[in-house]
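Please read the structure below before turning to the comments.
The values are calculated or read from the model by the stated rules, or taken from the named source; none is laboratory data. Not measured: the values here are computed from a predicted model. Positions of Cβ are generated from backbone atoms using ideal geometry, with glycine treated the same way; all protein chains shown enter the neighbour counts. Side chains included, ligands, DNA and RNA excluded: accessible areas come from the protein's heavy atoms. Shrake-Rupley method; radii C 1.70, N 1.55, O 1.52, S 1.80 Å.
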Amino acid sequence: MTVDALEQMEADEERVISPAELFRKWEQGQWRLTELPIASDAADWAAMRPYARGELESMIEGFVLGEAAVSNTLSPLADAAPSLDAHQYLCTQIADEARHTRFFATYLQEMRRSRPSHEEVIADALASAGDAVSTIFDEELKARTDHVRFHPEDTRAWYEAVTYYHLMAEGVLAMSVLGAMLSMVRQLRGSLPVLHTGLRNVIRDESRHMAFGMYAAREGVHTGHGDAVLATMMEAIPQVTMALVAPERKLPGTTLPPLRATIGKQHAHRYASARRTLLRRMELIGLQVHTGDAGQAWDLSMKAAMTEYERRHGDPHPAGE
C-alpha cells in the first residue's frame with residue numbers, strides 16, 4: 001500500500017464516493033487474516049514496557065468488543081438500505097467487521113499465554129469495558145438497529161442509525177483510537193510488525209466505512225432528514241467523549257511527572273483530533289451552520305468526562321492540565 005491508510009481515509013472524506021465505487025474498492029482491497037503470522041509478534045510484545053503494553057492491550061480489547069458488536073448489528077441497515085448498491089456495499093462491510101473481530105481477538109489470543117477462545121476474549125472485553133463504551137456498543141447500537149430491523153420502512157430511523165453507527169461510533173470514536181494505536185506502534189520503530197500491518201489493513205477498511213457514512217449522511221441532509229442526522233450527532237457527543245476519556249480507568253504512569261506530561265499531551269492531542277474530525281465531517285455533509293453548537297457541546301462533555309475521572313481517582317486527568 002503506497003498511500004498511508006490514514007491519509008487515504010482523509011482523502012476519501014473530501015469527495016462523495018458512491019456505494020458502487022466503494023464496492024469496487026472493497027474488491028480491490030482484500031486482505032487475509034490467515035496470511036498474517038500473528039504469533040511472531042509475541043517476543044516483541046513480551047519485551048514492551050508494562051505501561052505501553054497495558055495501553056495497547058486495553059485498546060485492542062476495546063476493538064474486540066466494538067467490532068463484535070457492529071458485526072452483529074449491521075445487517076438491519078443492509079436489509080433496509082434505500083438502494084441495491086447501498087445494500088450490496090453494506091454486505092461487504094459485515095464481512096469486514098467479522099474479519100476485524102477475528103484479527104483483534106486472535107491477536108490477544110496469541111499474546112496471552114492462556115490462549116482463551118474467541119468467545120472468552122469477547123466476554124472478557126465486555127466485562128472490562130467502561131460504562132460509556134458498553135452504552136454505545138452494547139445498548140445504543142443494538143436499540144437503533146433493532147428499530148430498523150422491525151421498522152424497515154422508517155427512513156428517518158435508518159439515517160439516524162447510520163449516523164450513529166458510521167459517523168460517531170466508528171468515525172469519531174473508533175478511528176480516534178485506531179489512529180492512536182497506529183501512532184504508538186510506529187513509535188516502537190519496527191517492533192510488532194504484524195500488529196502494524198493489521199492496523200493499516202483495518203484502517204483501510206474503515207476508510208470505506210467512513211466514506212459510506214459520509215455519503216449516506218449527505219443524502220439524508222439533502223433529502224429532508226438533516227434534523228435527524230444532526231440530532232443523532234448531538235445525542236452521541238456526550239457518549240463518545242465519555243468513552244474516549246474512559247474515566248473509570250486510571251491512567252498508568254501518571255505518578256511520574258515526566259511521563260505524566262507525555263501521557264497528558266498524547267491524550268489531549270487525541271481528543272482535539274477527534275473534535276476536529278467531528279466538526280469537519282459536519283461541514284462536509286452540509287451541517288456547517290451547526291458546528292459552533294457541536295463544538296461547544298463537545299467541550300462541555302469533555303469537561304464533564306474529565307471531572308468524572310478526577311472524582312473517581314482523586315487526581316486530575318493529565319490531558320486537562
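Structural remarks
- Applying 1/(1 + (r/R0)^6) with r as the Cβ-Cβ distance of Val16 and Ala261 and R0 = 45 angstrom yields a FRET efficiency of 0.60.
- Within the accessible surface of the chain, defined with a 1.4 Å probe on protein heavy atoms only, the carbon and sulfur portion equals 52 percent.
- Charge tally in the Cβ shell below 9 Å around His209, where Lys, Arg are +1 and Asp, Glu are -1, His209 excluded: -4
- The stretch 44-183 - percent relative contact order, Cα under 8 Å, separation 6 or more: 30 percent
- In the chain, the calculated helix contribution to ellipticity at 222 nm averages -23000 deg cm²/dmol per residue, counting -39,500 (n - 2.57) for every DSSP H run with n ≥ 4.
- Per the Kirkwood formula applied to alpha carbons, the stretch 93-157 shows a radius of gyration over Rh ratio, Rg over Rh, of 1.10.
- Cα-based radius of gyration of the stretch 224-279 once divided by 2.2 N^0.38 Å, which approximates compact folds: 1.51
- Of Trp298, Trp31, Trp158, the one that fluctuates the most in a GNM where the chain has Cα springs shorter than 10 Å: Trp31
- Sorted from longest to shortest, the spans of the Cα atoms of the stretch 67-106 along the three principal axes equal 35, 14, 7 Å.
- Most mobile of Ser83, Ser58, Ser71 in a GNM of the chain (Cα contacts under 10 Å): Ser83
- Using C-alpha pairs below 8 Å separated by at least 6 residues, the relative contact order for the stretch 129-217 is 31 percent.
- Here the relative contact order of the chain, from alpha carbon pairs under 8 Å that lie six or more residues apart, stands at 23 percent.
- Separation of the stretch 152-187 from the stretch 233-302 is 14 Å, based on Cα centroids.
- For the stretch 42-157, alpha-carbon Rg over 2.2 N^0.38 Å: 1.25
- Dipole of the chain, positive direction: furthest Cα of Thr197, Pro252, Tyr309, with charges on the beta-carbon: Pro252
- FRET efficiency, Arg311 to Ser273 (Cβ-Cβ, R0 25 Å, nearest 0.05): 0.45
- Sorted largest first, extent of the stretch 212-321 alpha carbons per principal axis (Å): 53, 22, 22
- Distribution of pairwise C-alpha distances over the stretch 31-71, 5 Å bins, in %: 5, 19, 16, 25, 22, 10, 3
- Accessible area (Å², per residue) of the chain, counting only protein heavy atoms and a probe of 1.4 Å: 44 Å²
- Cβ-based net charge around Ala268, under 14 Å, with every Lys or Arg adding one and every Asp or Glu removing one: +4
- Local net charge near Glu308, Cβ-Cβ under 14 Å (Lys/Arg +1, Asp/Glu -1): +1
- P(r), alpha carbons of the stretch 141-227 - 5 Å bins starting at zero, rounded %: 3, 14, 19, 18, 15, 10, 8, 6, 4, 2, 0
- Longest to shortest principal axis, alpha-carbon extents of the chain, angstrom: 53, 44, 36
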